[in-house]
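For reference, the structure discussed in these notes is given below.
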Amino acid sequence: MSLARRVEELLEPGGRLAGRWPRYEEREVQRRLAGDIAATIEHGGVLLAEAPTGVGKSLAYLLPAVLSALATERRVVIATCTRSLQDQLYERDLPALLESLDLHLPCACLKGKQNYVCPRALELTEGRGAEEDEVLEQLRRWAAGDEEGDLDRFVPADAEAMRRVRGRVGADPAACTIVTCRRGRECSWVRARRLAAQARIVV
Ligand code: SF4
């Protein structure tokens, strides 16, 4: 059975996802979009699709992505325009879909490099004033216990001071010396890349 047909069947009223996907609604447009995405994944080519809010686009592309990653040796990459959508897919929609289908698949979230704390920069950065000193101290405590090092997850006591400091403590693509860096073992960005290399689905 083609990937497109499998996807459409799963999304049909009375289909597997109807009973198990927490936010299931019968949506003809969603089914068609998911079928088109599945056919493009299966046969190659480029699909440009636009759909308004309420169609259920996330499920329409996650479902064929998951089934394709399972059926082939290929890694599927889902790129988003915003980091909030990236977090939503990785933290909520993808786990819910895998659970609905009783599937286990290694997944990873990989953000732009500057979104990870750089242990070297964090050690060397000095605050410009008491507020920055305070947020740097808070950051150091957080980074010591959070191996993901995703700066989006850090909740600062002073958001404005954090906004000023963020660019100085994140991994800097221009300054990163990964080949000679002695902090590679504790570097969250290096870890995120390693996990992405092992994953079948990368958001
Ligand atoms: S490899 Fe080193 S310099 Fe590059 S982001 Fe990681 S800790 Fe920073």
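The values are calculated or read from the model by the stated rules, or taken from the named source; none is laboratory data. The shown structure was predicted, so the numbers you read here are calculated from the model rather than taken from an experiment. Heads up, the Cβs are rebuilt from the backbone with ideal geometry, glycines too, and the neighbour counts pull from every protein chain shown. Each accessible area value is taken on the protein alone, full model and side chains, heavy atoms only, with ligands, DNA and RNA left out. Shrake-Rupley method; radii C 1.70, N 1.55, O 1.52, S 1.80 Å.
Odds and ends about this structure:
- Built amide H within the under 5 Å cut-off of Gly170, gap 5+: Cys118
- With every protein chain in place, the stretch 1-62: carbon and sulfur % of accessible area (1.4 Å): 50 percent
- Rounded to the nearest Hz, the phi-derived 3J(HN,Hα) couplings of the stretch 122-132 under the Karplus curve 6.51 cos²θ - 1.76 cosθ + 1.60 (θ = phi - 60°) are 5, 5, 8, 5, 10, x, 9, x, 4, 5, 5, where x marks glycine and proline.
- Once the Cα atoms are used to define both axes, helix 159-169 deviates from the longest principal axis of the chain by about 90 degrees.
- Where the chain is the region considered: accessible area per residue in Å², 1.4 Å probe: 58 Å²
- Rounded to the nearest 10 degrees, the angle from helix 188-198 to the longest Cα principal axis of the chain is 20 degrees.
- Accessible surface of the stretch 105-203 [probe 1.4 Å, protein heavy atoms]: carbon and sulfur percent: 50 percent
- The phi torsions of the stretch 111-117, fed into the Karplus equation with coefficients 6.51, -1.76 and 1.60 and a -60° offset, translate into couplings of 9, x, 3, 5, 8, 9, 5 Hz, rounded to whole numbers, with Gly and Pro shown as x.
- What the phi angles of the stretch 76-91 give under the Karplus curve with 6.51, -1.76 and 1.60, with θ = phi - 60°, is a coupling list of 9, 10, 10, 9, 10, 7, 10, 6, 5, 5, 4, 5, 4, 5, 6, 8 Hz, glycine and proline written as x.
- Take every Cα pair under 8 Å whose residues are at least 6 apart in sequence, average their separation, divide by the length of the chain, and the relative contact order is 24 percent.
- Rounded to the nearest 20 debye, dipole of the stretch 1-150 from Cβ charges on Lys, Arg, Asp, Glu: 620 debye
- Gyration tensor (Cα) of the chain, equivalent ellipsoid semi-axes in angstrom: 39, 18, 14
- Near Ile78, the amide H atoms lying under 5 Å from its own belong to Val202, Val203; only residues 5 or more places off or on other chains count, and H is placed 1.01 Å from N.
- When the chain is treated as a GNM with alpha-carbon contacts under 10 Å, the residue of Ala51, Ala143, Ala192 showing the greatest mean-square fluctuation is Ala51.
- Modelled FRET efficiency - R0 30 Å, Thr180 with Leu70, Cβ distances, 0.05 increments: 0.15
- Extension gain, Ala18 back to Glu134 (0.36 nm per residue minus Cα-Cα distance, nm): 36.8 nm
- Per-peptide packing, taken as the mean over residues of other Cβ atoms within 10 Å, places 70-83, 34-47 in the sequence 34-47, 70-83 from highest down.
- The Cα atoms of the stretch 118-203 give a gyration tensor whose axes a ≥ b ≥ c have a/c of 1.5 or more with a/b greater than b/c, which makes the shape prolate.
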